[in-house]
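The values are calculated or read from the model by the stated rules, or taken from the named source; none is laboratory data. Please read all numbers here as calculations on a predicted model, not as lab measurements. Here the Cβ positions follow ideal geometry from the backbone for every residue, glycine too, while neighbour counts run over all protein chains shown. Surface areas here come from the heavy atoms of the whole protein model, side chains and all, with no ligands, DNA or RNA. Shrake-Rupley method; radii C 1.70, N 1.55, O 1.52, S 1.80 Å.
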Amino acid sequence: QVQLVESGGGLVQPGGSLRLSCAASASIFTFNVMGWYRQAPGKQRELVAAINIDSRTNYADSVKGRFTISTDSAKNAVYLQMSSLKPEDTAVYYCKANRWNDEYWGQGTQVTVSS
């Protein structure tokens, strides 16, 4: 069973930055796609950013130019660098990995953007 463990969430002021990390218990080369999702209170979970095995990336329009997804194969990790954070970025952020027909989720990490 694959495990994904997120870290790096916290409280940050508007305009600030955070970097989320997701450590996988398996080689990231075994996944077709890895990504970050978020869910705000009362809202549906939404895709924030994704990166596939060819390193192609995809971002939600709301975070383009502010967030960057990347991977580190030596650490079996995927990261989400978040800059110019806004209050509307407040949510629980989840790491997800897809391996063919299987998908795996982390437990989530809270990001709160507030002054």
Discussion item. Quick check on my filter: what residues within region 1-12 are under 17 Å from K75 (Cα atoms) and open to solvent by 50 Å² or more (accessible area, probe 1.4 Å)?
Written reply: Q3, V5, S7
Worksheet, complete the sentence: Note on region 20-31: residues exposed (fewer than 14 other Cβ atoms within 10 Å of the Cβ) and of a type outside the set (S, T, Y) are F29
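Conditions (1) among the small types (G, A, S); (2) closer than 21 Å to Q3 by Cβ, marked per residue:
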{"site": "S21", "(1), (2)": "yes, yes"}
{"site": "F29", "(1), (2)": "no, yes"}
{"site": "M34", "(1), (2)": "no, yes"}
{"site": "Y37", "(1), (2)": "no, yes"}
{"site": "S55", "(1), (2)": "yes, no"}
{"site": "V63", "(1), (2)": "no, no"}
{"site": "N76", "(1), (2)": "no, yes"}
{"site": "S84", "(1), (2)": "yes, no"}
{"site": "T90", "(1), (2)": "no, no"}
Discussion item. Against the conditions (1) loosely packed, with under 12 Cβ neighbours inside 10 Å; (2) free of Cβ contacts under 8 Å to residues at least 40 places away in the same chain, where does G15 fall short? Just the number, please.
Written reply: (2)
Discussion item. What's the total number of residues in region 91-114 that are assigned to a loop (DSSP other than H, G, I, E, B) and modelled with pLDDT of 95 or more?
Written reply: 4
Worksheet item: Could you say whether any residue in region 33-55 is open to solvent by 60 Å² or more (accessible area, probe 1.4 Å) and of a type in the set (S, T, Y)?
Response: yes
Worksheet item: Pairs, please: C-beta under 8 Å, at least 6 apart or cross-chain, first residue farther than 14 Å from Q44 by Cα and in contact (Cβ under 8 Å) with a residue 12 or more places away in the chain and in region 82-93, second open to solvent by less than 10 Å² (accessible area, probe 1.4 Å) and not β-branched (V, I, T)?
Response: M82/L20; M82/F67; M82/D89; S83/F67
Practice prompt. Confirm whether T109 is touching a residue at least 12 places away in the same chain (Cβ under 8 Å), β-branched (V, I, T) and open to solvent by 60 Å² or more (accessible area, probe 1.4 Å).
Written response: no
